[in-house]
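Student: Structure incoming, see below.
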Amino acid sequence: MKLEIIGGGLAGSEAAWQAAERGIDVILYEMRPEISTGAHRTGKLGELVCSNSLGSDLRNRASGLLKQELRRLGSLLIACADENSVPAGRALAVDREEFSSCIQKKIESHPRITLEREEVISIPKGPAILATGPLTSPSLSAELRQFTGENHMYFYDAIAPIIELDSIDMTIAYRANRYEKDTNIEGDYINCPFEKEAYFIFREEILNAKRHPLRDFEIEVKEGVTAGKTLYFRGCQPVEVIAAQGEKALAFGPLRPVGLHDPRTGRRPYAVVQLRQDNLAGNLYNMVGFQTNLTFSEQERVFRMIPGLENAIFERLGQMHRNSFISSPLLLDDNFSFTKKPNLFIAGQLAGIEGYAGNIASGLVTGINAVRFLHGLPSLEFPTTTMIGALMHYIVHAEISTFQPMKAIFGLLPKPTDNRRRSKLDRYAFYAQRALSDLEIFLRKNEMNIETF
């Protein structure tokens, strides 16, 4: 029995590993580096594009709970992330290069996985998983539109700049973690503090800075969307778009200074730009929350107005790209197979899942269910009280008129059935405890363990 998987990103790589570990021969297709997406920089499997952070690693946070579930289920990619983590406070961030290298080494050395470097331009006839991501090639996109009878939905995503550590002025910038109670502990984040007047000047410069025009293939007019209107993913809006939402939108958003007192003044700044370590060597730092579509020259000019970054050397500048996804609630069954073609599964961002951990989760589940399909077994549907189950359930059962890409959030989980009043932290702790408990019950009920189911 063989399974074809199209796309070697997070979802595709995880799906390939899960299927191969369960005795299925897998052919994993990845068109990079022969054909580039315009956003990726290498041909490595599982390359991270927008950020190097997989989100909070606390289990009483939605993304942290999701990663705990994935660890319990034997996720390859989360194991690679843990192995190649870099300091990021209470978040799980990775060295991009080492993370991708870990995935590629594992995939290439697996005896049941064959990696093919070529573009797939048509939908496979046999059992397959589409995990081509939001930057699916034009040829396969056209095939998918014809197959589904639906135009792709879309939103715009953006990438943040990366700065060389030695170019940051540490007489102005300082290390600290947001909300850190022990101020004597050096933080994992570098913080660039703004006084009020400087912040408002900076905001004006962002608003007036030149932007890259959208390319023809990124512009689409469709029913219900005004021509020229640009749709952004809520969790990854360009900094210039946030700035336009109000004078204090940045200061209450990615530049919020809560818990980041400036050691030079002893008080909290008006706003703070945070930088997070981007590699294991510790010589590159990512501008947190600074996704942007400003022109390269304007990025260098405006971002050097940030205190401490006056002489910044940019290893990578930001850019924006269009992400496509299908109308999953209209097209998919609960196991993420197409209703009209049960042997064809879909995983990752193309299905409308957002967030690195979410994409990994979708790859894990579809990889397992593709194996069960090949063996004639019923699909696994994880409890909706788990973060994995709730996220997958939303993608398939969301109201199509308001369907947008979704990442792990506690709002997807069923509310407590008792009438007890809980604080937000107590409620999140309850969700986490219930999810992990129900996951164990689910595994026992199905007489499974992470090696065989």
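The values are calculated or read from the model by the stated rules, or taken from the named source; none is laboratory data. Since this is a predicted model, take the numbers as computed values, not measurements. In this analysis, Cβ positions are derived from the backbone assuming ideal geometry, glycine residues included, and neighbour counts consider all displayed protein chains.
Student: Take the range 220-261 and flag every residue that is surrounded by fewer than 20 Cβ atoms within 10 Å (Cβ to Cβ), among the charged types (D, E, K, R) and at pLDDT 90 or above.
Tutor: Those that are surrounded by fewer than 20 Cβ atoms within 10 Å (Cβ to Cβ), among the charged types (D, E, K, R) and at pLDDT 90 or above: Glu247, Lys248, Arg256.
Student: Tell me which of these Ala432 doesn't satisfy, since it passes every other one: (1) in contact with a Ser or Thr (Cβ under 6 Å, 6 or more places away or on another chain); (2) farther than 30 Å from Ile326 by Cβ.
Tutor: Single failed check for Ala432: (1).
Student: Would you please name the residue that is farthest from Glu164 (Cα to Cα), looking only at residues in the range 269-283 that are in contact with a strand residue (DSSP E or B) (Cβ under 7 Å, 6 or more places away or on another chain) and surrounded by fewer than 20 Cβ atoms within 10 Å (Cβ to Cβ)?
Tutor: Step by step, filter the range 269-283, then rank; the result is Tyr270.
Student: Can you pull out every residue in the range 340-364 that is among the β-branched types (Val, Ile, Thr) and either at pLDDT 95 or above or touching a strand residue (DSSP E or B) at 6+ places or on another chain (Cβ under 6 Å) (or both)?
Tutor: Of everything in the range 340-364, those that are among the β-branched types (Val, Ile, Thr) and either at pLDDT 95 or above or touching a strand residue (DSSP E or B) at 6+ places or on another chain (Cβ under 6 Å) (or both) turn out to be Ile346, Ile360.
Student: Something else about it: Cβ-Cβ below 6 Å, separation at least six or inter-chain, first residue in the range 28-48 and buried (at least 21 other Cβ atoms within 10 Å of the Cβ), second in a loop (DSSP other than H, G, I, E, B) and modelled with pLDDT under 70: which pairs?
Tutor: The qualifying pairs are Glu47/His40.
Student: Quickly run through the range 382-407 and pick out the residues that are in a loop (DSSP other than H, G, I, E, B) and either in contact with a Lys or Arg (Cβ under 8 Å, 6 or more places away or on another chain) or within 18 Å of Leu350 (Cβ to Cβ) (or both).
Tutor: Thr385, Ala398, Phe403, Gln404, Pro405, Lys407
Student: Can you tell me which residues in the range 249-268 are in contact with a strand residue (DSSP E or B) (Cβ under 9 Å, 6 or more places away or on another chain), part of a loop (DSSP other than H, G, I, E, B) and over 21 Å from Ala91 (Cα atoms)?
Tutor: Leu250, Ala251, Pro263, Arg264, Thr265, Arg268, listed by residue number.
Student: Something else: Return the total of residues in the range 118-138 being more than 15 Å from Ala19 (Cβ to Cβ) and surrounded by fewer than 14 Cβ atoms within 10 Å (Cβ to Cβ).
Tutor: Here the count works out to 5.
Student: Report, ordered by the first and then the second residue, all pairs with beta carbons closer than 6 Å, sequence separation of six or more or different chains, a first member in the range 262-283 that is without any contact (Cβ under 8 Å) to a residue 40 or more places away in the chain, and a second member that is part of a loop (DSSP other than H, G, I, E, B).
Tutor: If the second residue must be part of a loop (DSSP other than H, G, I, E, B), the pairs left are Arg268/Pro257; Arg268/His261.
Student: Examine the range 59-66 for a residue that is surrounded by fewer than 16 Cβ atoms within 10 Å (Cβ to Cβ) and modelled with pLDDT of 95 or more, and state whether such a residue exists.
Tutor: Scanning the range 59-66 turns up no residue that is surrounded by fewer than 16 Cβ atoms within 10 Å (Cβ to Cβ) and modelled with pLDDT of 95 or more.
Student: In the range 95-104, is there at least one residue being modelled with pLDDT of 90 or more, assigned to a strand (DSSP E or B) and under 30 Å from Leu65 (Cα atoms)?
Tutor: There is no residue in the range 95-104 that is modelled with pLDDT of 90 or more, assigned to a strand (DSSP E or B) and under 30 Å from Leu65 (Cα atoms).
Student: Another one. Please go through the range 285-320 and give me each residue that is assigned to a strand (DSSP E or B) and either crowded, with 20+ Cβ neighbours inside 10 Å or of a type in the set (D, E, K, R) (or both), ordered by number.
Tutor: Tyr285, Asn286, Met287, Thr292, Leu294, Glu315, Arg316, Gln319, Met320
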